[in-house]
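The next block holds one structure in the form of structure tokens; read it before the comments.
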Amino acid sequence: MAFIVFGFTYLLAILVFAGVAILSTKARAPSFKSISPGMLPVLGIIFGLFVAFTAAQVWNDSDRATAAVSREASSLRAVILLAGGLPPEQEARLRDLVRDYVEETVAVEWPMMARQAASLKAAPPALTAALRLVVSMPAQSPGQQTTQHEIITALNSALDARRQRIIVSQSEVNSVKWWCLYLQAVCELLVIALVHCDNRLGSAIAMGLFATGVATSALLIAAHDRPFTGQISIAPTPLLQIMPDKEASR
């Protein structure tokens, strides 16, 4: 990704530099130089606003995804702890269902979210079976009735967190934002080249520095876009940490 982003950005800078160098003849150079250098900070500020606007969406999606995974893990952990108040047979069955859900989520759902192929159409079978188990279980005491209510609440919270996780996995920076970001960068590079058309070494240095800043910003945004995709994506570690052991599930 870094190679593609930096290569594409430097290619744009080289094309702008070469184009202005070819067009800046003796007849055109005075016209190019008449462009006010005061445009540089204005265009730079607009580019910075574009970067901030795009990055805000990416950070927000990442925070939402992290919060959803943490809430899902916390809710399932509460189910496991509350299961201790149920009869041994139901407790073991509930633990098995939570374990099955985590295993399926990690093995099947996480790769699907990375491909943006996860769907909300089908409910997770393990959690659905867990809800049915708890709802259909006859309460033998007020304490068990309270425990069942709390388990149902925790399971609903886990299902809601899963829905949020899948919804966030579909989010990404759309092509319009990327085109606007790079169009603004090209405008800034063009003004730099025009203002320094009589000093090609200075123009090349200034354009190289700005192109490096553009590529760094774009790489940072692209690396964190789609929070469940890529090498620095959100992992299912919280779910694996709360998954019941096989021995404990028996």
| request: For the chain, compute Rh as the Kirkwood radius over C-alpha pairs and then the Stokes-Einstein diffusion coefficient at 4 °C and 1.567 mPa s; write the answer in µm²/s, rounded to an integer. | output: 59
| Straight-line reach from K177: which lysines have a Cα under 26 Å away, not including same-chain ones fewer than 8 places off? | none
| remark: Applied in sequence order to region 89-99, the curve 6.51 cos²θ - 1.76 cosθ + 1.60 (Karplus, θ = phi - 60°) yields integer Hz couplings, x standing for Gly and Pro, of 5, 5, 4, 5, 5, 5, 5, 4, 5, 5, 5
| query | Looking at Q90, L43, T105, which one has the Cα that reaches farthest to the positive end of the dipole of region 1-125 (charges on Cβ: Lys, Arg +1; Asp, Glu -1)? | reply | L43
| request: Divide by every residue of the chain the summed helix terms, -39500 (n - 2.57) for each DSSP H run of at least 4, and state the resulting mean residue ellipticity at 222 nm, rounded to the nearest 500 deg cm²/dmol. | output: -25500 deg cm²/dmol
| Tilt of helix 142-169 relative to the longest C-alpha principal axis of the chain, in degrees (0 to 90, nearest 10)? | 20
| task | Figure the gain on full extension for M39 and T128 (residue separation times 0.36 nm, minus the Cα-Cα span) and round it to one decimal in nm. | result | 26.0 nm
| field | Label-point separation, I205 to A2 (7 Å along Cα→Cβ), nm | value | 2.6
| field | 3J(HN,Hα) from dihedral phi, region 16-28, Karplus parametrisation 6.51/-1.76/1.60, rounded to Hz, x for glycine, proline | value | 5, 4, 5, x, 5, 4, 6, 7, 7, 7, 4, 6, 8
| message | For a test of the definition: using alpha carbon positions, the gyration tensor, and the 1.5 limit on a/c, classify region 60-112 as rounded, prolate or oblate. | response | oblate
| said: Could you work out the relative contact order of the chain? I mean the mean sequence separation of Cα pairs under 8 Å and 6+ apart, divided by the number of residues, in percent. | reply: 42
| query | Along region 121-138, what does the Karplus equation 6.51 cos²θ - 1.76 cosθ + 1.60 (θ = phi - 60°) give for ³J(HN,Hα), rounded to whole Hz, x for Gly and Pro? | reply | 5, 9, 6, x, x, 5, 5, 4, 5, 5, 4, 5, 4, 6, 5, 7, 6, x
| said: Just to verify a number: what accessible area does I22 come out at with the full protein assembly present, 1.4 Å probe, Å² rounded to tens? | reply: 130
| field | Label point distance in nm, V186-L81, each placed 7 Å from Cα along Cα→Cβ | value | 5.6
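The values are calculated or read from the model by the stated rules, or taken from the named source; none is laboratory data. From a predicted model like this one, the values you see are computed outputs, not experimental measurements. Don't worry about glycine lacking a Cβ; one is built from the backbone with ideal geometry, like all the others, and counts go over all protein chains shown. These area figures cover heavy atoms from the full protein model, side chains too; ligands, DNA and RNA do not enter into them. Shrake-Rupley method; radii C 1.70, N 1.55, O 1.52, S 1.80 Å.
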